[in-house]
Amino acid sequence: VTVDMVANNFQPEYVTVRAGTKVTFLNRGHNRHNVFSVDDGFTSSGFLGRGDSWKVTFKDAGDYPLYCSLHGTPTSGMVGGIRVVK
């Protein structure tokens, strides 16, 4: 599953995946981005330039809210989330 980072948005903003799925965050925009976990549910990425990607495997069921610290906060701006189901 791929989540694009374009125009200071995650596309799609929210996705649902099965436990064990690897999600790739791909920067297709012109700006640098990163992927931060709101509640430490996964290890956050470093800075991602245009064309860079970062992958995380979601092993446990639950909701994983995320944001880009360069273009948002945990509650507004460039935010999204991953819902993991069994």
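List of remarks:
- Residues located in region 1-44, provided they are aromatic (Phe, Trp, Tyr), out of contact with any Lys or Arg (no Cβ under 9 Å at 6 or more places or on another chain) and farther than 12 Å from Asp63 by Cα: Phe10, Phe36
- Members of region 59-71 that are of a type outside the set (A, V, I, L, M, F, W, C) and either assigned to a loop (DSSP other than H, G, I, E, B) or touching a residue at least 60 places away in the same chain (Cβ under 8 Å) (or both): Lys59, Asp60, His71
- For region 26-47, taking the residues that are part of a strand (DSSP E or B) and of a type in the set (A, V, I, L, M, F, W, C), the one that is most open to solvent (accessible area, probe 1.4 Å) is identified as Phe36.
- Residue check, Val1 modelled with pLDDT of 95 or more, open to solvent by 50 Å² or more (accessible area, probe 1.4 Å), of a type outside the set (Phe, Trp, Tyr) and touching a Pro at 6+ places or on another chain (Cβ under 7 Å): no
- Exactly one residue among Val56, Val23, Val3, Val17 is under 19 Å from Thr73 (Cα atoms), assigned to a strand (DSSP E or B) and of a type in the set (Val, Ile, Thr), and that residue is Val3.
The values are calculated or read from the model by the stated rules, or taken from the named source; none is laboratory data. Everything quoted here is computed from the prediction, not taken from an experiment. Cβ: placed from backbone, ideal geometry, glycine included. Neighbour counts: every protein chain shown. Note: accessible area is taken over every heavy atom of the protein model, side chains too, but ligands, DNA and RNA are not part of it. Shrake-Rupley method; radii C 1.70, N 1.55, O 1.52, S 1.80 Å.
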